Amino acid sequence: MRGHRRRKDLSRKPDAIEQAKTTAFRLLRYRLRSERELITRLQAKGWDASVAQEVVERLKRVGLVDDRQMAEAFVQNALSDTQPHSRFEVRYKLKSLGISDEIVDEVMSVWTDEVECQMAQRYINRRLKSIAKPSKQDISRAFRAAMQKGFDLSAIRSAIRSFGDLPDEE
């Protein structure tokens, strides 16, 4: 087929691990990655599962792949990001990257109820900033959007109070 490249079976070459390691370094250059994410990405690039596993084990031994460090960086990034994130959203993303429940619980301990309220406030402000005098319908829309984003109900209510009454559709 024109424009279609067939992947070579690189797993059978004697230097497959070294080549896969180079690919892993390239992936890690952009951002930290979890163990499962890196294995999945290496396999998607055509490496055999055993080669990908071996490369990740080697990188773990030298400290370049560390799920706890990656999760901590992810949470800190979410806290400092200009886009507000809910606790649920961050937890979900960490789990989807293959981070264990134990590590997720530990790194999410910095995400207090106060932080969740601040994030909800930022989210609601962002949704309503272009409206000079938000109506009940505007506030209700922002309330539902915040619920869909995964913010705690108490955090949303606290954020909405600064704009007036809670919407009727609680």
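Sequence gap at least 6, Cα distance under 8 Å: using those rules, report the relative contact order of the range 86-150 to the nearest whole percent. Please list the in-between numbers first.
On the way: 27 pairs, mean separation 28.3, N = 65.
Relative contact order comes out at 43 percent.
Classify the range 74-136 as rounded, prolate or oblate, taking a ≥ b ≥ c as the square roots of the eigenvalues of its Cα gyration tensor: rounded when a/c is under 1.5, otherwise prolate if a/b is larger than b/c and oblate if not. Prolate, since a/c reaches 1.5 and a/b exceeds b/c. Report summary: the helix-based calculation at 222 nm, which adds -39500 (n - 2.57) for every DSSP H run with n ≥ 4 and divides by the residues of the chain, gives -19500 deg cm²/dmol. Judged by the ratio a/c of the largest to the smallest principal axis of the C-alpha gyration tensor, the range 41-92 counts as prolate, that ratio being 1.5 or greater while a/b is larger than b/c. Using 0.36 nm per residue and subtracting the Cα-Cα separation, the extra length available between LEU28 and ARG144 on full extension is 38.0 nm. Of ALA52, ALA146, ALA44, the residue with the greatest mean-square motion in the GNM of the chain, using alpha carbon springs below 10 Å, is ALA44. A simple spin-label model places the labels of ARG68 and LYS45 2.7 nm from each other, with each point 7 Å out along Cα-to-Cβ. Of GLU102, GLU57, GLU116, the residue with the greatest mean-square motion in the GNM of the chain, using alpha carbon springs below 10 Å, is GLU102. Per residue, the chain exposes 63 Å² of accessible surface when a 1.4 Å probe is rolled over the protein heavy atoms with every protein chain present.
Report the relative contact order of the chain, percent, no decimals, based on alpha-carbon pairs under 8 angstrom and at least 6 residues apart.
Relative contact order, the chain: 18 percent.
Would you please classify the overall shape of the chain from the alpha carbon gyration tensor, given that a ≥ b ≥ c denote the square roots of the eigenvalues, rounded means a/c under 1.5, and beyond that prolate means a/b larger than b/c while oblate covers the rest? All intermediate terms of the calculation are to be shown ahead of the outcome.
Working: a/c = 3.77, a/b = 2.34, b/c = 1.61.
Prolate, since a/c reaches 1.5 and a/b exceeds b/c.
Could you tell me which of the pairs LYS21/LYS45; LYS60/LYS149; LYS21/LYS95; LYS45/LYS149 are separated by over 22 angstrom between their Cα atoms in the structure shown? Before the final figure, lay out each step's value.
Numbers: LYS21/LYS45 12 Å; LYS60/LYS149 34 Å; LYS21/LYS95 25 Å; LYS45/LYS149 32 Å.
Exceeds cut-off: LYS60/LYS149; LYS21/LYS95; LYS45/LYS149.
Computed from the C-beta positions of ARG161 and GLU89 and an R0 of 25 Å, the FRET efficiency is 0.65 to the nearest 0.05. Note on the range 39-82: with neighbouring protein chains present and a 1.4 Å probe, carbon and sulfur make up 46 percent of its accessible heavy-atom surface.
The values are calculated or read from the model by the stated rules, or taken from the named source; none is laboratory data. These figures come from a predicted structure and were not determined experimentally. Every residue, glycine as well, gets a Cβ built from its backbone with ideal geometry; the counts of neighbours run over all protein chains shown. To get the accessible areas, we keep the full protein, side chains included, count just its heavy atoms, and leave off ligands, DNA and RNA. Shrake-Rupley method; radii C 1.70, N 1.55, O 1.52, S 1.80 Å.
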